[in-house]
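There's a structure below that I have some questions on.
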Amino acid sequence: MKLRCIIVDDEVMARKSLQKLCEQHSALELIAICENVQQALKVLEQNEIDLIWLDVEMPEMTGFDLLEKITTTTTQVILTTSKIEYAYDAFQYQVTDYLKKPITGPRFNLAVEKVLDLRQKKDSPQQQHNEIYIKHEGRYIRLPYSDIQFVENIGDYVKIYTSKQAYIIHTTMKSLEEKLGKQFLRVHRSFIVHLDKIVDIEENNLVIANKVIPISRANKSELMNRLNML
């Protein structure tokens, strides 16, 4: 299985260089070449992408603006830039790698190997859990996945909703997303939902119980692919 990737860069020569490197690597399938963030968002909305080669400095919207809109953990990002001062900000977004232009073949290949290694670890069989334990009022409470309806981000905390009550815990959405099972999906930067609890979907919103939850453009394609659609 190949890694489906896109290039996002406003520089013609940089795009051509990356395109050549991608086409020469047997593990990569180049899906699209984008000149700006707006084009990339359209591609991400319509396709499942495993890897983004992302420039930082672009007009109107930067690479970091795109990172702000990507909420799924299934897409890895490698930043490409001619400047090193963005490295600290880059790793705050937990990008897979950071390449300084001009990009050499060996360094490019090393970055791809890093992506493949992380992908393999994520896909490897692990102990399956059907519940999560949360700390609430000084004790740990067992929450079966089947009881959780959705999770909402509220600043430095998250609020886990069940059919009976809601629990506020101190953690990040990313950390919780990585711990929850495959029946959960982050549909918006502020919401993770239990797919089996969805009542209906209309345009860019879905309903669980009586709660209307927004669906981000970047996550709608993955949501529809995960559902058993007719």
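The values are calculated or read from the model by the stated rules, or taken from the named source; none is laboratory data. Quantities reported herein were computed from a predicted structural model and do not represent experimental measurements. Backbone-built Cβ (ideal geometry, glycine too); neighbour counts: all protein chains shown. For accessibility, only protein heavy atoms count, side chains too; no ligands or nucleic acids. Shrake-Rupley method; radii C 1.70, N 1.55, O 1.52, S 1.80 Å.
Just report the Cα centroid separation between the range 96-121 and the range 37-59, whole Å.
A separation of 18 Å, based on Cα centres.
Ok, one more. Helix 105-123 versus the longest principal axis of the chain: what is the Cα-based angle in degrees, 0 to 90, to the nearest 10?
Here the helix axis deviates by roughly 20 degrees.
If you don't mind, another one. Mind ranking 189, 226, 15 by accessible surface for me, highest first, 1.4 Å probe?
From most exposed to least exposed: 189, 226, 15.
Whenever you get a sec, compute what percent of the accessible area on the chain sits on carbon and sulfur atoms (1.4 Å probe).
47 percent
So, one more: Which value, in Å² and to the nearest 10, is the accessible area of residue 86 when all protein chains are kept and the probe is 1.4 Å?
Its heavy atoms expose roughly 50 Å² to the probe.
Within 11 Å, Cβ to Cβ, of residue 133, how many net charges do the neighbouring residues add up to if Lys/Arg are +1 and Asp/Glu are -1?
+3
Assign unit charges at the C-beta atoms only (+1 for Lys and Arg, -1 for Asp and Glu), then state the dipole size of the range 122-230 relative to its Cα centre in Debye, rounded to the nearest 20.
200 debye
Check cross-link reach from residue 197 to the lysines: straight Cα distance under 21 Å, and skip same-chain residues fewer than eight apart.
Residue 197 reaches 159, 164, 174, 179, 182, 211, 220.
While we're here: List the extent of the Cα atoms of the chain along each of their three principal axes, largest first, rounded to whole Å.
Result for the chain: principal-axis Cα extents of 57, 37, 33 Å.
Follow-up question, since we're still on this one. Counting only heavy atoms of protein chains, what accessible area per residue, in Å², does the chain have with a probe of 1.4 Å?
With all protein chains present, the chain gives 57 Å² per residue.
Please report how many Lys pairs in the range 34-117 have alpha carbons closer than 25 angstrom, counting only residues at least 8 apart along the chain or sitting on separate chains.
10
Continuing with this model, one more query. About the Cα centre, and with charges only on the beta carbon of Lys, Arg (+1) and Asp, Glu (-1), how big is the dipole of the range 95-170? Nearest 20 debye, please.
240 debye
Give the aspartates and glutamates reachable from residue 16 as a straight Cα distance under 16 Å; neighbours fewer than 8 places away on the same chain don't count.
Of all the aspartates and glutamates, those that pass the test against residue 16 - Cα under 16 Å, at least 8 places apart if same chain - are 29, 35, 55.
Magnitude of the Cβ-charge dipole of the range 61-188, K/R +1 and D/E -1, about the Cα centre, nearest 20 debye?
Here the range 61-188 has a charge dipole of around 200 debye.
Same structure again: With springs only between Cα atoms under 10 Å apart, run a GNM on the chain and tell me which of 186, 139, 217 wobbles the most.
139
Just going by the charge dipole of the range 1-42, with Lys and Arg at +1 and Asp and Glu at -1 on Cβ, which of 24, 12, 40 is farthest out on the positive end?
Of the listed residues, the answer is 24.
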